[in-house]
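Since every read-out is calculated from the coordinates, none of them should be taken as a lab result. These numbers come from a predicted model, not from an experiment. Methodologically, a virtual Cβ is constructed for each residue, glycine included, from the backbone with ideal geometry; neighbour enumeration extends over all protein chains shown.
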Amino acid sequence: MTDFRNIEYLKFGNIRQRKTYDVLLKLDIMQVLRVYTPILTGTIPIDIDVPESDLDIICECEDHTKFSKLIIKSFEKENSFVISTRIFDEIKRTICQFRSSGFDIEIFGQNIPVEKQDAYRHMIVEYKILKEKGVEFRSKIKELKSNGIKTEQAFAQLLGLKGDPYKELLNIGY
């Protein structure tokens, strides 16, 4: 299985993955955030992205003020920079968004180990399903996404899952 904790795999991927690698290096984002164990998640790492897909970087952070200050110091000059901290489902979260080198980038921090965060867990389940189901299934996912269907909903639709697609994907057992 690909080690998604190290972005080196992107260097050997498709054109968009290689561009992602270049942008992450240019911004030095993984190094800047290293104490927060950053992981790139979402559709680009598993090759089901569409042109409007963003770069989602999840982090584990306990001190949101310190985390925010580092992000502001490092990235506030980027286009469309915004950052906020709020509580959702009783969990404090800091979210930063900006645009750089043709990519929308989102940095997400919460006090949960990155490999236990839903974004990472969804990506791993989706990665395993894609490996098992093959090229045709991947094409159908990308087609649904191109038609505006969210990733988890596309998987749920093709797999015949009922209920909340975000929860049901995590219950598959991969």
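Under 5 Å between amide hydrogens, built in the peptide plane, is the criterion, and for residue 50 it picks out nothing among residues at least 5 positions away or on other chains. Evaluated over the range 1-71, the count of Lys pairs having alpha-carbon atoms less than 25 Å apart is 4 (only pairs 8 or more residues apart or interchain). Think of each Lys and Arg Cβ as +1 and each Asp and Glu Cβ as -1; about the Cα centre, that makes the dipole of the chain roughly 200 debye. If a paramagnetic tag sat 7 Å from the Cα of residue 1 along the Cα-Cβ line, which residues of the range 146-174 would have the backbone N under 15 Å from that point? Inside the label zone: 170-174. In this structure, the amide hydrogen of residue 100, modeled 1.01 Å from its nitrogen in the peptide plane, lies closer than 5 angstrom to those of 105, counting only residues at least 5 positions away or on a different chain.
Per-residue 3J(HN,Hα) values for the range 6-12, derived from phi via the Karplus relation 6.51 cos²θ - 1.76 cosθ + 1.60 with θ = phi - 60°, read 10, 6, 4, 4, 5, 4, 10 Hz in sequence order (x marks Gly and Pro).
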